[in-house]
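The values are calculated or read from the model by the stated rules, or taken from the named source; none is laboratory data. Owing to the predicted nature of the structure, the values given are computational and were not obtained by experimental measurement. Please note: Cβ atoms are built from the backbone with ideal geometry, for glycine as well, and neighbour counts cover all protein chains shown. Please note that ligands, DNA and RNA were not included when accessible areas were found on the heavy atoms of the full protein model with its side chains. Shrake-Rupley method; radii C 1.70, N 1.55, O 1.52, S 1.80 Å.
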Amino acid sequence: MARSEILKPQDWTIPVPIAFGPGRLAEIGGRCHSIGIKSPLIVTDKGSHDLPFVGQLQAYLAQSGLRSGLFWDISPNPRDDEIGAGCAAFVAGGHDGIIAIGGGSAMDGGKAICLTVKSGVDLWAFEYEEPVPDAAPEFPALITIPTTAGTGAETESTAMVTHVEKGMKFCIWHPKCKPALALLDPKLTLGLPPNLTAWTGADAMTHAMEAFLVPGFHPLCDGAALEGLSLVAKLLPVAVREPNNLEARSGMLVGSCLAGISFLKGLGLVHAISHMVGAEYDTQHGLTNAILLPVVLRFNLPGLDAKMTRMAEVMGIEDRTVEGFVRAVESMLDEIEIPRSLGEIGVPMDCAGRIAQKAVQDSAASTNPRRASVAEISDLVTTAISRAR
């Protein structure tokens with residue numbers, strides 16, 4: 001760490017209230033009452049709306065005398081037109097709060113609806129790279145309930161939404177639109193299929209690594225990144241092998257949350273590329289990240305020996321060379337059956353240049369530890385599409 005980094009004035013934020021522990025979903029009625037929510041709109045994704053946790057949530061709310069609605073028309077990569085439909089459902093149902101439950105797409109959909117439904121501000125005015133809107137928008141109360149251990153989206157207002165016309169993903173946010181509560185109940189993640197456990201868990205690992213490698217002095221985020229990485233590296237293979245291991249699921253949910261907190265500091269080229277691949281080809285975000293991770297690590301890690309050593313220590317990796325570290329990461333990804341190439345999940349070779357042109361505009365590219373040209377990003381995409389096991 002350079003001396004100038006620790007002397008530079010900085011502003012740090014801390015997470016929202018977090019309720020963690022098996023069975024905590026049963027508290028949702030009382031939690032809504034304490035926050036002032038009387039008629040929540042439940043927001044989830046297309047793949048989750050008929051899963052048991054949605055019915056459990058509705059039942060707990062009804063037992064507490066709360067009237068709820070359900071909006072589930074959210075794609076794996078949420079679209080701006082879907083957010084508009086969610087806002088219409090909120091208004092039509094006379095709702096006063098939002099409960100986002102599910103994976104990352106549900107979290108992003110719920111937060112995007114929360115940003116726009118009462119604010120009177122256009123969705124894209126909240127784009128991360130644009131100035132925060134001058135007005136003081138009104139936001140409904142928001143509760144987030146993750147059911148996968150990967151996205152880490154439950155503690156902040158940031159959301160990734162696809163701009164359908166442009167075919168690009170953008171990060172939207174507002175500093176005052178934070179969840180009133182993040183409820184982490186590991187029982188909700190029990191039985192998640194091995195492939196989704198692997199993909200979402202690899203997403204959490206990517207968050208922790210990319211955030212830790214972002215330049216700058218941010219001990220809160222760096223500490224969260226390392227502890228999150230430690231938990232994920234130890235417990236992800238266990239959770240994949242043993243879907244009903246509550247201890248592994250609990251540790252993964254905490255690790256994912258910590259990794260999500262850590263990327264307040266920023267992310268890197270894995271996400272910059274993955275966002276645009278997902279926007280064009282609707283690939284699963286965590287899976288796309290996992291495939292890109294070794295390729296980008298080989299690009300980023302030379303010259304970052306001290307940070308690589310810290311990550312290796314918490315992950316139990318003995319070989320502290322760049323190639324040794326990346327091979328150990330690849331071995332873990334192989335163990336949880338992550339494909340080696342983007343080509344295996346339907347991404348064609350001829351998109352590399354176009355994806356690179358879009359990725360360089362992503363906010364995550366600006367915090368990558370190594371500056372990359374469009375040509376260099378195109379080469380990374382080409383490698384990720386074509387590389388063999």
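Restricting to the stretch 14-31, name every residue that is more than 29 Å from residue 193 (Cβ to Cβ), open to solvent by 10 Å² or more (accessible area, probe 1.4 Å) and modelled with pLDDT of 95 or more. Of everything in the stretch 14-31, just one residue is more than 29 Å from residue 193 (Cβ to Cβ), open to solvent by 10 Å² or more (accessible area, probe 1.4 Å) and modelled with pLDDT of 95 or more, namely 30. With 235, 258, 220, 231 as the choices, which residue is assigned to a helix (DSSP H, G or I), without any contact (Cβ under 8 Å) to a residue 40 or more places away in the chain and open to solvent by 30 Å² or more (accessible area, probe 1.4 Å)? When all the criteria are applied, what remains is 231.
Take residue 320 and decide whether it is more than 30 Å from residue 129 (Cα to Cα), of a type in the set (Lys, Arg), touching a helix residue (DSSP H, G or I) at 6+ places or on another chain (Cβ under 7 Å) and not in a helix (DSSP H, G or I). Yes; evaluated as a whole, the condition is true for this residue.
Evaluation of residue 350 against the conditions (1) of a type in the set (Asp, Glu); (2) more than 21 Å from residue 200 (Cα to Cα); (3) touching a residue at least 12 places away in the same chain (Cβ under 8 Å) shows that the sole unmet condition is (3). Hey, among the residues in the stretch 59-112 that are over 14 Å from the mean Cα position of the chain (by Cα) and of a type in the set (Lys, Arg), which one's nearest to residue 197 (Cα to Cα)? Of everything passing the filter in the stretch 59-112, 79 is nearest to residue 197 (Cα to Cα). Taking the stretch 156-177 as the search range and keeping residues that are within 19 Å of residue 277 (Cα to Cα) and among the charged types (D, E, K, R), which one is most open to solvent (accessible area, probe 1.4 Å)? That would be 165.
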